[in-house]
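The values are calculated or read from the model by the stated rules, or taken from the named source; none is laboratory data. All values derive from a computational prediction rather than experimental measurement. Glycine gets a Cβ as well: all are built from the backbone with ideal geometry, and neighbour counts include every protein chain shown.
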Amino acid sequence: MSQFIQLVINAIALGCIYAVVALAFEIAYESTGVVNFATGQLVTIGALLGASSLVLTGTNFAGAYVLVMLGMAVVGLLFFVGVFMPLRRQPAVTIIVGTVAVGIAVQNVAQLVWGSMPVSTKSPVGSQTLALGGVMVSVHTLYVIGVAALLILGVYLLLYRSALGSQFRALAQDPEAARLMGIRVNRLYALTWILVCALAGMAGLLLGPMWFIEASIGEGVGLKAFAAAIIGGFGSIPGAIIGGILVGLTETLGAAYISSAYKEAIVFALMFVFLLVRPQGLFGERISDRA
């Protein structure tokens, strides 16, 4: 029983990371109408920047985190200027293909800059473990859950309890109407991509001490976070949370009790079932409801 509880706690921590990345998917989609398939590669950049920043700052975690966030903000602006703005008037499928191409390019650049050898990073809370009722839990696991909860709360407050959030929602509903109301649409688009990249970068920072980091690590994370967004329902913060945790539980328990070779297949089978039975996800709107 203690092994099962330990697996569940680890799965929740992993699911929280998927939830943060799913939020990055959803914010991009809701604000710009783009499903950003480069999100996973942005997670990779966040993790690798974290490893480099820790070396540059002499393992000063506060300084390293600030450097990573600044770096991801720059990446977000480059994504806005170099990808979204040139393609924004093209059909949605063209922009989506563009994000796929950018993701491949980012992955190859990461491999050129950081090399192909996996690297590991330290956690700001160390590598200690706690005994909770006979269950050994890594302190970093609890740290991941806590930081992810704060990030999700921060996104919720930004979107639903601030004037800027009202502008984001107006932009999502009708960009032209938002422009006529005096909202600086291009500035909001730029802030959207900065926020997307910041969330992906934070997910990479949280993931770094849990897994070895290499250039392709974000590809799988991005796909499973996309599955979490589908399961939870695009446009729903509760959906991102529940979807991420469901994916984390499915992957971890499937690997432990079925086969580690099929853990990804089990996750995507679950997503396929949702697409067949409830395509709007657990908390998403039906197309007719939104219309």
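The table that follows gives values for the structure above.
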quantity	calculated
Condition met for residue 47 (surrounded by 24 or more Cβ atoms within 10 Å (Cβ to Cβ) and either hydrophobic (A, V, I, L, M, F, W, C) or at pLDDT 95 or above (or both))	yes
Residue tally, condition surrounded by 22 or more Cβ atoms within 10 Å (Cβ to Cβ) and either within 16 Å of residue 21 (Cβ to Cβ) or among the aromatic types (Phe, Trp, Tyr) (or both), over the stretch 50-74	3
Members of the stretch 188-229 found to be surrounded by 22 or more Cβ atoms within 10 Å (Cβ to Cβ) and among the hydroxyl-bearing types (Ser, Thr, Tyr), listed by number	192
Of residues in the stretch 20-35 being buried (at least 24 other Cβ atoms within 10 Å of the Cβ) and small (Gly, Ala, Ser), the one farthest from the chain's Cα centre (by Cα)	28
Residues satisfying the stated conditions in the stretch 72-110, i.e. within 17 Å of the chain's Cα centre (by Cα), more than 20 Å from residue 214 (Cα to Cα) and polar (S, T, N, Q)	99
Check on residue 54, modelled with pLDDT of 95 or more and either in contact with a Gly (Cβ under 9 Å, 6 or more places away or on another chain) or part of a helix (DSSP H, G or I) (or both)	no
Test: residue in the stretch 175-182 that is surrounded by 24 or more Cβ atoms within 10 Å (Cβ to Cβ) and touching a Leu at 6+ places or on another chain (Cβ under 9 Å)	no
When residues of the stretch 23-44 are limited to those that are more than 20 Å from residue 114 (Cα to Cα) and of a type in the set (S, T, N, Q), the one modelled with the highest pLDDT	36
Where residue 204 falls short, out of the listed (1) under 18 Å from residue 10 (Cα atoms); (2) among the small types (Gly, Ala, Ser); (3) in contact with a Phe, Trp or Tyr (Cβ under 9 Å, 6 or more places away or on another chain)	(3)
